[in-house]
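Student: One structure, pasted below without further comment.
Just so it is clear, none of the values below were taken in a lab; they were calculated from the coordinates. The model shown is predicted, which means the values in this text are computed figures rather than measured ones. FYI the Cβ positions are ideal-geometry reconstructions off the backbone, even for glycines, and counts take in every protein chain you see.
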C-alpha cells in the first residue's frame, strides 16, 4: 500500500516530516507508525479481526470473514477519495468502508464493519501502532540509561562543583550529577510498564458505545476481537474515557522533561568559562566557523518545552460531550503523533549527545 | 501558631481564598493544608524529626534534639521577619532557622537544621501535607462514585437518546451514560494508590544533594528520618527529580477533566429543549429571576480547563539546572496548591451536583 | 467598607497573597485592586452611575437615583450572605443587589440595577480597576526603562563577550546587550497605549446583550453611563467578545517574558566563572551562608514561565456559548488577577534587580 | 526548485500535511509558504538582496553581487546535504551557504552571506513568507465577514431565544447573535493592520547582532537591504526580541478563538431538539448513515483549542539567552507554521460552514 504525496510540493508544516529539519528532529524508526499507510493498514487489521471474531460467534457468515480478510490484504485504495470523504465526514472511515464494501462485493459487503463505528477502527488503529512503537521507546530509553551508566563508569570520580541556584556551592563527584540524570529515567521505564495494560486496550463499542447490534453477545465479541489483536479489553468501551491517552501523553512529556534537564545541564557545563564537558560533533555557525555549539543539548530543551505545552491541550480533550465528541477527539489527532515524535527524537538525540561526551572535566578551582 | 493577615485588607488574588468567590471555589477541608501556618508547622516537624534522627545516630547530642523538639513545639514566630527573609533569600527557611536557633540558644542552636538545606525542609513540608490531604481526596472521590452509583440505581433504566458529535444517534439506557462517568473515576482511585509510594518520599540531601555532612552514615540518617515522618525514602534525594510532583499534578488534572465531562454532560442535558435532567438548587440571575442556571456543571468545566492549563507549567518545572533550580522550584509553589484546590473543589461540587439531580428524564421522541 | 477574613486562618493558596511568600511575589500597590472590597466598591460605582444615567434619560425617577447613590456610598454589606449567594448563583451580583435593594427600600428598590445584568456590573468593575492600575504598570515599566538607560550610561562601554547558543562568539559592548533588554520594553509601553481604548470599555447589555429594557434609548443610556465612568463604549456590548481581555493578557505575558529574559541573562552573567555582573543584596542559603544567590533574576524567569502558561487558558475563554458562558467567564476570574500580579511583581523586582547591579565587569579573556 | 520526499513513505505527523486528514485540516493556499522549497527560496532572495545592498555600498564588488544573484536563481540544491548539515549545525544555513559558495566559485564565493549570520537568513525568510501569506489571511477574514453579513441580511430578523449559561433567557433577533460573531472579526482585521509594520521587519545583525563586519555603514546596509525586500527596519536587529512573533501568534489564536465561538454556537444551534439552524453538507457516520454531523463547527472548536494551547509555548520562546538562544529559536519553528495553518484552515472552514447554512430557524416556543 502506498499513499501518494497529493500535492506538487513536499510539505513541511511539521519539523518531524520536514525535508531538512527532520535531520534535527526526525526519528525514522518511530515516524513510520504515523504514516497514513500504516494508520489505514491497522484499520484494515481491525476490520479483518472484527469479521473473524463475528464469524466465530456466528454473527456473520464465515465466508464473509474470509472474503473480508482477503480483500483487506489486497485492496488498492483511492486516496483522493479518502481525503474527500474525510473533508465531509470529519473521519476517514465512512469513505474507507465504502471502498472496502465495494471491493468485497454485494454478497458480503454488508458484513464489513458490522456493528462497529468509525471510532472503533480509528482508536484501535492508534492503539495497535502504539503497541508496536512502545518497545522502540523502551529500547531507546534503556540505551540512554546504559549510555549514562557508562559515562558514570568513565568519569564518575571527576570532581565537579555542585551548583545550586546557578552559583557554585560545594564539590560533588560527577557521578552524583549523572545519577541525578539517570534515576528518573529508570522510574520512567517502570511507569511505562504500569501504563501499558490499560493503554493497550481494544476500542469496540458500536454507534453509541453499547454494542447495540450484538445483544448479549457483545462482550464476547469484544473479548475475541481483543484476543485476535493482542490487546486488552474491559467491560465498557472507552469512546469517551480518554484518560489513558492523556496519561500516556503525560509520560511522554515527563520523559522529554527529564532528558531536557540533561540537555540543559550539558549546555551549562559546556559554557567556555565553565568547561566541565568536552563535546565532539558540536554544531557550526555560518558567521563564526570556529564555534562549537551544543546543538543537541539545546534541542533537548526545545523538545521538553514543546511537549510540556502540548500536555495542556491533551488534558483539554478529556471533556467529551455525551457519547462522542468530534471536537475533542479530533484534537487528539493534532497532538499525540507529534508528542510521540518529540519524545522519540529526544531519546535518540540524548543518546547521541552522551556518546559525544569526550570528557567530563574537573571544575575550575 | 497564628500567622497574621499582614495587610490592611483581605486579599483575593486567588478565588480559592476569596471572601465571596470562595463560596463557589473553596474547600475548607483541603485549603487548611495550604495555610502558611500549616506549611511552617510541618517544616518544624521536619526539623524536630531530623534532630531526633541525628541524635539517634549520635551525630548531634540527645539533649540538643530534646531542646530543639521543645522549642519547635512552643515557638512564637515573627512572621514579618519571615516575609522579609523570604524577600531576600527567595525561601523562608534561612529566616526561620535564624529564629529557631535564637530560641534554642547558644549551646544547641548550631545543631538546628544540621546538614540540611532549605529544600529539604520545604519539600518535606509539602509532602507531609500531601500525605494528610490525599485521604480527603480519596474519600471525596469515593463519595462521588457512590453518588453516581446511586444515581444509576435510581434512574439507570430511563431511556435516553445517545448523542454523538452533538447529534441524536441511537437510544441508550441512562445507566450507560452514568457508567461512562463513573468508570474513569474508579481508575483514578487506583492510580492514586499507585502514585503514593513514590510521591510521599522524604526530601533529604543537604546542600548539594550528597548529604555531605554525614559521610557514610547519610543514608541511615535519611532512613531514620523517613521512618519518623512516616514517609518513604530512596538511595538518592529528589532535589532535581521533580517528576513525581508532575505525575501527581497530572492525576489532579485528569480527575478534574473526568468530572468536567460530567459537568458538561449535565449542562447539555439540562438545556430547556433537551430536558434530560431536572436539577434543584440551580443558580439565579440578577436580570431574569425565573432562570435556573446549571452553575455547578459549568464550574466543573471551568475547573477542568484551569487544571488542564496548569499541567503545562508543571511540566516546565522539570528542567532544574544543575543541583538546584531556584526558578523551576519557585514555579511549583505557584501551581500545585491551586491545582490541588481545583481538584478538591471539583470533587465537592460534583458530589453536590449529583445530589441535586432530582430526576433523569427520558429524551423526547 | 471592610471584608472580613472569613476563616480562622490566613489563607495562602496564591503566593501573591501569602503571609511570607508575598515578600517575594507581592506588589501591594497593584494587589489592592484585586481585593474583594475594591471589586464590590466598583460594582457599586457602576450601579450608582447606571441609576444616574437612567434618571437623566428619564427612565427612572431622579429621586431613585439620588437614593441609590446615597445607599451605595453608605452600605454596610453582609459578606457572609455575598459568599452564600455566590455559591448558589455562581456570581455575587444577585445577592449584592438583594442587599442593596433592601437598603434602598420599597419605593426605589426596584430601580436598582434596572435593565442591567450581573455581567454588566462585574465586567465593568474589572475594567474600572484595570483603568486604575494600568497607570501604575506604565509608571513601573518606564521606571525600569529609566533604570536600564542609567545602567547603560554607567557601564555601556564595558567589553563583554557576545554569546550565541550559550557559547562565546565575538566581543560586544555592554550597551548592546542592555539595549537588547530595553528596546522591547519601549515597544510594550506603546502597545499598552494602543490597547487601552478598546480594553477600557463599559460593559452594558442587559439580560441577553440587547438592552431589552430600553428600546431605542438603550445606546444613549450606554453612552451616558460610559461618560460618567470615564470609559469608552461601542454599538454593541462585549458580553461574549472577550478578545480585548485576552489581548491584554497577552501584553502582560509579553512584558513578563521580556523581563524574564533580563533576569535570565543576569543569572547567566552572575555565574561565578563568568563573572560579568556583581550584584548586591543577593539571597542567602540555609546550608551555605557564603553563597550569594541571584534570587531576583531567577524569580523573573519563574514569573515569565507562569504568565506564559496562563495565556493558553485565557485563550480557552474565548469560546463563550451563545449569549453568555458561565464556564468561560468564570475561568477568566481564576486567571487575570494573577497574571496582572505576576507582571506587576516582575516589574517591581526587575527594577530592584537593576538597582542592585553594582558593576558590569569585562568578560574574561 | 524541488525538494524530494526523502523517505519511502508519505509522512503524516501533522494533520495539515496528511494524505487524507488534510482534506479536513489543509489549506493549500497558505501551506505552500511553509514548504521547504519556499523557505529556502526566500533565504536565497535574502542572500541576493544582501549582496546587492553590499555592492551598492561598495562593501563587496558589484560583479560578486551579479554572480551571486545569478547563482541563487539557478542553483540546484543537494537536499540530502542540507538535511545532514541541519542535523549537525542545528540550522540549515551553514550547509546552504557552503553549497552556494561552491557554485559561485572561488573568486566571489567569499562574498556570499558576507557579514550575515544564520539567523538573519532564516528569520528574514520567515518574515518574507508571512508578508506574502498575510494578505490571504486578510482576504479570507474579510470573506468570512462578508458571508456573515449576508447571513444577517437573509436571516437577521428571525426570532431566536437568547441563551445565557446554556439556558433559555429572553428572545433576541438572529442579527444580534450574528453581529456578536462578526464584530470581533472586524476588530481583528484592524489589529492585523496595526501589527504589520513591526512584524514585517528585516532581520540583519550579523554574528552577535552588532553588524560587526560593517563599522559605521552597518545601519545603511540594513536600510538598503530592507528596501530591496520591501520590509521595515529598525536601529537594532531583533535576534533576541521575539515579541512581535509572539504578538502575531496571539493574533492567530485570537482569530481561531473567535471563529471557534461561531463553530460552537452553530453546533449548539444544530442540536436536534434546538433546531435553530439547518446545515447542508454535514458529515456522515460509518455506523448511522442517517446522521448529519456538524463537522465543520466541531473542527472550528478543535482548531481554537489547538491554537490556544500553542500560545503558551510561543510565550516560552521569549526568553532568549544572551545574544542568541538555540533552544528558544528552534521552538518557534515547531509552533508558528502550525499556528498559521490552524488559523488559515479555520478561516476556510468557517466561510464554508456559513455558506452551508440553509436556514436559521425560529427557536421553539
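Student: Given the options A:182, A:274, A:221, state which has the largest fluctuation in a GNM of chain A using a 10 Å cut-off (strictly under) for Cα springs.
Tutor: Ranking A:182, A:274, A:221 by mean-square fluctuation puts A:274 first.
Student: From the alpha carbon gyration tensor of the range B:124-223, can you work out the equivalent ellipsoid semi-axes (sqrt of 5 times each eigenvalue) and give them in Å, largest to smallest?
Tutor: Working: eigenvalues 471, 40, 16 Å².
Ellipsoid semi-axes (Å, largest first): 49, 14, 9.
Student: I've got another one for you. Per-residue mean of other chain beta-carbon atoms within 10 angstrom of the beta-carbon, peptide B:275-283? Numbers along the way, then the final one.
Tutor: On the way: counts 1, 2, 0, 0, 0, 0, 2, 5, 11.
Average neighbour count from other chains, rounded to a whole number: 2.
Student: Sticking with this one: For helix A:295-316, report the angle its Cα long axis makes with the longest principal axis of the Cα atoms of chain A; keep it between 0 and 90° and round to the nearest 10°.
Tutor: Here the helix axis deviates by roughly 40 degrees.
Student: Listing B:239, D:315, B:290 from the residue with the fewest other Cβ atoms within 10 Å to the one with the most, what is the order?
Tutor: On the way: B:239 25, D:315 29, B:290 9.
In order of increasing Cβ crowding within 10 Å: B:290, B:239, D:315.
Student: Return C:58, B:222, B:129, D:101 ranked ascending by Cβ neighbour count within 10 Å, so the fewest neighbours appear first. Show your work: numbers first, answer last.
Tutor: Working: C:58 9, B:222 25, B:129 21, D:101 18.
Lowest count first: C:58, D:101, B:129, B:222.
Student: Take every Cα-Cα pair in the range D:66-186 and report what % of them are more than 22 Å apart.
Tutor: Numbers: 4366 of 7260 pairs.
Above the 22 Å cut-off, the range D:66-186 has 60 percent of its Cα pairs.
Student: Round to a whole angstrom and tell me the spacing of the C-alpha centers of the range B:270-291 and the range A:307-365.
Tutor: If we compute the Cα centre of each part, the gap is 42 Å.
Student: Still on this structure, please answer the following. If each residue's Cβ is checked for other Cβ atoms within 10 Å, how do B:295, C:40 rank with the fewest at the top? Each step should come with its number before you reach the end.
Tutor: Numbers: B:295 28, C:40 23.
Taking fewest neighbouring Cβ atoms as first place, the list is C:40, B:295.
Student: Compute the distance in nm between two label points, each set 7 Å from the Cα along the Cα-to-Cβ direction, one at residue D:190 and one at residue C:273.
Tutor: In this crude label model, residue D:190 to residue C:273 measures out at 5.5 nm.
Student: Normalised by the residues of the range B:81-236, what does the relative contact order come to in percent, with Cα pairs under 8 Å and at least six apart?
Tutor: Relative CO of the range B:81-236 lands at 22 percent.
Student: Using only Cα atoms, what is the ratio of the radius of gyration of chain A to 2.2 N^0.38 Å?
Tutor: On the way: Rg = 24.4 Å, N = 365, 2.2 N^0.38 = 20.7 Å.
Ratio of Cα Rg to 2.2 N^0.38 Å: 1.18.
Student: Just to be sure I understand: if I project the alpha-carbon convex hull of the range A:35-89 onto a plane and average over all orientations, what area do I get in nm²?
Tutor: Numbers: hull surface 17.1 nm².
So the Cα hull casts an average projection of 4.3 nm².
Student: Then there's this: Suppose a student asked you for the relative contact order of chain B, using Cα pairs under 8 Å spaced at least 6 residues apart; what percent would you report? The partial results should precede the final answer.
Tutor: Working: 486 pairs, mean separation 64.1, N = 365.
Reported as a whole number, the value is 18 percent.
Student: Next question. Could you tell me the relative contact order of the range A:220-331? Use alpha-carbon pairs under 8 Å, at least six residues apart, and round to a whole percent. Walk me through the intermediate numbers first.
Tutor: Numbers: 103 pairs, mean separation 34.9, N = 112.
Across the range A:220-331, relative contact order equals 31 percent.
Student: Can you report the principal axis dimensions of the range B:11-116 using only the alpha carbons, biggest first, rounded to whole angstrom?
Tutor: Between the extreme Cα coordinates on each principal axis of the range B:11-116 lie 52, 28, 21 Å.
Student: I'd like the FRET efficiency for residue C:139 and residue C:361, computed as 1/(1 + (r/R0)^6) with the beta carbon distance as r and R0 of 25 Å, rounded to 0.05.
Tutor: With a Förster radius of 25 Å, E is 0.20.
Student: In addition: Please state, to two decimals, what the Cα-based radius of gyration of the range D:144-296 comes to when divided by 2.2 N^0.38 Å (N = residues).
Tutor: Working: Rg = 24.1 Å, N = 153, 2.2 N^0.38 = 14.9 Å.
The value comes to 1.62.
Student: Mind checking C:254-267 for the average number of partner chain beta-carbons within 10 Å of each residue's beta-carbon? Kindly include the intermediate steps, with their values, before the conclusion.
Tutor: On the way: counts 8, 2, 3, 10, 7, 2, 5, 11, 1, 2, 7, 6, 1, 7.
Whole-number average of other-chain Cβ neighbours for C:254-267 is 5.
Student: With no solvent and one equal point scatterer per Cα, compute the Debye intensity ratio I(q)/I(0) for the range D:244-365 at 0.16, 0.18 Å⁻¹ and report its log10, rounded to two decimals.
Tutor: One equal scatterer on each Cα of the range D:244-365 leads to -0.77, -0.89.
Student: A further question follows. Just how many % of Cα pairs in the range D:208-264 lie over 12 Å apart, if you round to the nearest whole percent?
Tutor: On the way: 1190 of 1596 pairs.
Percentage above 12 Å: 75.
Student: Which chain B residue sits with its beta carbon nearest the axis carrying B onto C, and how many Å away is it, rounded to a whole number?
Tutor: B:14, 2
Student: Under the Kirkwood approximation applied to all pairs of distinct alpha-carbon atoms, what is the hydrodynamic radius of the protein assembly as shown in Å?
Tutor: On the way: mean 1/r = 0.0303 Å⁻¹.
Every distinct Cα pair counted, the radius reaches 33.0 Å.
Student: Which value, in Å to one decimal place, does the Kirkwood hydrodynamic radius take for the range D:270-325 when every pair of different Cα atoms is included? Can you show the working numbers first?
Tutor: On the way: mean 1/r = 0.0676 Å⁻¹.
So the Kirkwood estimate lands at 14.8 Å.
Student: A further question follows. When the Cα centres of the range D:100-168 and the range B:165-184 are compared, how far apart do they sit, in Å?
Tutor: 41
Student: Distances from residue C:352 to the same position in the other copies: list them in nm, one decimal, shortest first, using label points 7 Å from Cα along Cα→Cβ.
Tutor: When each copy's label point is compared with this one, the spacings are 3.8, 4.5, 5.5 nm.
Student: In µm²/s, what is D for the range C:13-55 at 37 °C and 0.692 mPa s, where D = kT/(6 pi eta Rh) by Stokes-Einstein and Rh is the Kirkwood radius from Cα pairs?
Tutor: On the way: Rh = 12.1 Å.
In µm²/s, the coefficient is 270.
Student: Measuring from a point 7 Å out along Cα→Cβ, what nm distances, shortest first, does residue B:29 have to its partners in the other copies?
Tutor: Between copies, matching label points for residue B:29 lie 4.4, 4.8, 5.6 nm apart.
Student: Could you please state, rounded to a whole Å, how far the C-alpha centre of the range C:30-80 is from the C-alpha centre of the range D:204-238?
Tutor: Here the two parts' Cα centres lie 56 Å apart.
Student: Across every pair of different alpha-carbon atoms, what Kirkwood hydrodynamic radius in Å does the range B:98-158 reach?
Tutor: Numbers: mean 1/r = 0.0636 Å⁻¹.
Kirkwood radius, the range B:98-158: 15.7 Å.
Student: In addition: Going 7 Å from the Cα of residue B:107 along its beta-carbon direction, which residues of the range B:57-83 have the amide nitrogen within less than 11 Å of the resulting point?
Tutor: B:63-64, B:67, by backbone N distance to the label point.
Student: If I build a Gaussian network model for chain A, linking alpha-carbon pairs within less than 10 angstrom, which residue out of A:193, A:244, A:37 has the largest mean-square fluctuation?
Tutor: Maximum among the listed residues: A:193.
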